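The values are calculated or read from the model by the stated rules, or taken from the named source; none is laboratory data. Only a predicted model underlies this, so the values are computations on that prediction, with no experimental measurement involved. A quick note on method: Cβ atoms are made from the backbone with ideal geometry, for glycine too, and the neighbour counts reach across all protein chains shown.
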Amino acid sequence: MLRFFHQLGSPKHFYRIAGSWIPWLAAVCGLLMLYGLYQGMVVAPTDYQQGDSYRIMFIHVPSAWMSLFIYVVMAAAGAIGLIWHMKLAEVIAISSAPIGASFTFLALVTGSIWGKPMWGTWWVWDARLTSELILLFLYLGVMALYGAIDDKRTAARATAILAIVGVVNIPIIHYSVEWWNTLHQGPTVTKFGAPSIDIRMLIPLLVMAVAFKLFYLLVVLMRARVEVLERERNARWVRELVEAP
Amino acid sequence: MSTASLNRAFALLLWRDLVLALRRRTELLNPLLFFVLVTTLFPLGIGADPALLSAIAPGIIWVAALLAAMLSLDSVFRSDFEDGSLEQFLISAQPLSVLVLAKVVAHWLITGLPLLIVAPLLGLLLHLSGASIGALLLTLLLGTPVLSLIGAIGVALTVGLRRGGVILSLLVLPLYIPVLIFAADAVASSGAGLPITAHLSLLAALLVLALSLSPLATAAALKISLS
């Protein structure tokens, strides 16, 4: 077991092991996503208040969960990379940033598409929407910093620091925004606190959440493999790999 | 390393930075001018209705202060980076985080504290009441050090970059949001006659948090940027 993890830490073995996982992950993720979408879009009952437009939640809610989850993963991987100088953790951290930004963007877009019929407007300065928007800015900052530094190892370590600072700040930002929102306009707009959700809606939602997690894992492994190849382009095993076929 | 020499290093670095800044007096005025100019633009763009102006004054003054603080950040480490002193700090026997803190304190005394001098003037221009101006000064006193401390992390990360300015704003502005929210709301609340102790306590808490954590993060970032 320990040997397995040790091997996973070396770029060469990571490349091989991740490559063998990807087809399986893709298959399971695809099946779960199809099942979840079918259950959510067709089988789940229509909401008595929101009609069919609530169904966007099967995309929206898992993306919103993923947007925060990936930021934490990114900061944790960055911290591991900083502390134990694990190259692979740096690679995972930096490969996660664009995926997390995409999920955040997806959550914002689906939220605003849902908001148009429900609130009658594309955008409301709602506490959750606003903190999601700020989260997107944090992701973009991480990506901008990584792109700006030429030496990729330095860039990965610098972005790790930024991600850790961000992770300390996210709760502060979230609660300050919530506080700002309640003070300024009060929960006049639809407040969907914790409605007791129908089990037939909950199951597709959870299935979609698992599918999205697997999707993240799949994409992060694919991105990390490419990143590893690029970083190790002068290593022997990469040359052999490229020249082999 | 005894504590005495650590204190001495802190005081010496603080003194050095203050003297350096006082020898370039015109540069001291620039962030202040910027602060006043940005605030003046708003009545010109929005209209001179006193009720409207006093309603949006807390936000305007604080956003202008935020931008002024951000624009002046670049000078925290720039000259030390260019003449190599920063590398000397890195290899010195004193912990880098304490030296960083001295530099940030000096920077705040030079660029943050003067904002407090012109803020009452801007408050008068935008028709803030006396109580609101008092609240504005208190929030600036508690809030601008947080801006300098958080900003130092961003500067440390971008100090080696050729075009660090725009990226710095991308990194730092989202982190400034809590300060903006609490401070601007404190000023607005005091204008409405509400108590602002909660706002001030939260700002003070942010200050303590930034004071204790940000020098460590800045030092770590500097080590990476200079490696």
Practice problem: Give the residue, chosen from A:Val165, A:Val73, that is farther than 21 Å from B:Ser225 by Cβ and modelled with pLDDT of 90 or more. | Solution: A:Val73
Quiz item: Can you tell me how many residues in region A:22-53 are out of contact with any helix residue (DSSP H, G or I) (no Cβ under 8 Å at 6 or more places or on another chain) and surrounded by 14 or more Cβ atoms within 10 Å (Cβ to Cβ)?
Solution: 1
Practice problem: Go through region B:188-214 and give me each residue that's at pLDDT 90 or above, in contact with a Pro (Cβ under 9 Å, 6 or more places away or on another chain) and more than 11 Å from chain A (Cβ to nearest Cβ). | Solution: B:Leu207, B:Leu211
Quiz item: Taking B:Thr26 and the conditions (1) among the hydroxyl-bearing types (Ser, Thr, Tyr); (2) surrounded by 16 or more Cβ atoms within 10 Å (Cβ to Cβ); (3) in a helix (DSSP H, G or I), which numbered condition does it fall short on, given that it satisfies the others?
Solution: (2)
Practice problem: Give me a count of the residues in region A:168-206 that are among the small types (Gly, Ala, Ser) and either modelled with pLDDT of 80 or more or in contact with a strand residue (DSSP E or B) (Cβ under 8 Å, 6 or more places away or on another chain) (or both). | Solution: 1
Quiz item: Hey, does region A:90-111 have a residue that's over 20 Å from the mean Cα position of the chain (by Cα), surrounded by fewer than 18 Cβ atoms within 10 Å (Cβ to Cβ) and part of a helix (DSSP H, G or I)?
Solution: no
Quiz item: Taking the condition in a loop (DSSP other than H, G, I, E, B) and closer than 22 Å to B:Val118 by Cα, does B:Ala55 pass?
Solution: no
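Here's the yes/no breakdown for (1) within 30 Å of B:Gly160 (Cα to Cα); (2) in contact (Cβ under 8 Å) with a residue 40 or more places away in the chain; (3) surrounded by fewer than 16 Cβ atoms within 10 Å (Cβ to Cβ); (4) of a type outside the set (Gly, Ala, Ser):
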| position | (1), (2), (3), (4) |
| --- | --- |
| B:Leu20 | yes, yes, yes, yes |
| B:Pro31 | yes, yes, no, yes |
| B:Phe35 | yes, yes, no, yes |
| B:Leu52 | no, no, yes, yes |
| B:Ile60 | no, yes, no, yes |
| B:Leu86 | yes, yes, no, yes |
| B:Ser92 | yes, yes, yes, no |
| B:Leu99 | yes, yes, no, yes |
| B:Leu116 | no, no, yes, yes |
Practice problem: Report yes if B:Pro120 is within 20 Å of B:Pro215 (Cα to Cα) and surrounded by fewer than 21 Cβ atoms within 10 Å (Cβ to Cβ), otherwise no. | Solution: no
Exercise. Please specify each residue of region A:171-182 satisfying the condition of being more than 8 Å from chain B (Cβ to nearest Cβ) and surrounded by fewer than 19 Cβ atoms within 10 Å (Cβ to Cβ).
Key: A:Pro171, A:Tyr175, A:Glu178, A:Thr182
Exercise. Say whether the condition of being basic (Lys, Arg) and over 19 Å from B:Ile150 (Cα atoms) is met by at least one residue in region A:113-136.
Key: yes
Quiz prompt | Selection from region A:36-86 of residues that are polar (S, T, N, Q) and farther than 14 Å from A:Trp114 by Cβ | solution = A:Gln39, A:Thr46, A:Ser67
Practice problem: Scan region A:33-88 residue by residue and report those that are more than 30 Å from A:Lys152 (Cβ to Cβ) and among the small types (Gly, Ala, Ser). | Solution: A:Gly36, A:Gly40, A:Ala44, A:Gly51, A:Ser53, A:Ala64
Practice problem: Report the residue count in region A:118-159 for those that are in a helix (DSSP H, G or I), under 17 Å from B:Ser225 (Cα atoms) and out of contact with any Phe, Trp or Tyr (no Cβ under 6 Å at 6 or more places or on another chain). | Solution: 14
Quiz item: In region A:114-140, how many are in contact (Cβ under 8 Å) with a residue 24 or more places away in the chain and within 14 Å of chain B (Cβ to nearest Cβ)?
Solution: 12
Quiz prompt | Members of region B:159-181 that are touching a residue at least 24 places away in the same chain (Cβ under 8 Å) and either among the β-branched types (Val, Ile, Thr) or not in a helix (DSSP H, G or I) (or both) | solution = B:Val159, B:Gly160, B:Val172, B:Val179
Quiz item: For region B:97-106, what are the residues that are among the aliphatic types (A, V, I, L, M) and under 14 Å from B:Asp80 (Cα atoms)?
Solution: B:Leu99, B:Val100, B:Ala102, B:Val104, B:Ala106
Practice problem: Return a yes/no flag: does region B:80-91 have any residue that is over 21 Å from B:His127 (Cβ atoms) and small (Gly, Ala, Ser). | Solution: yes
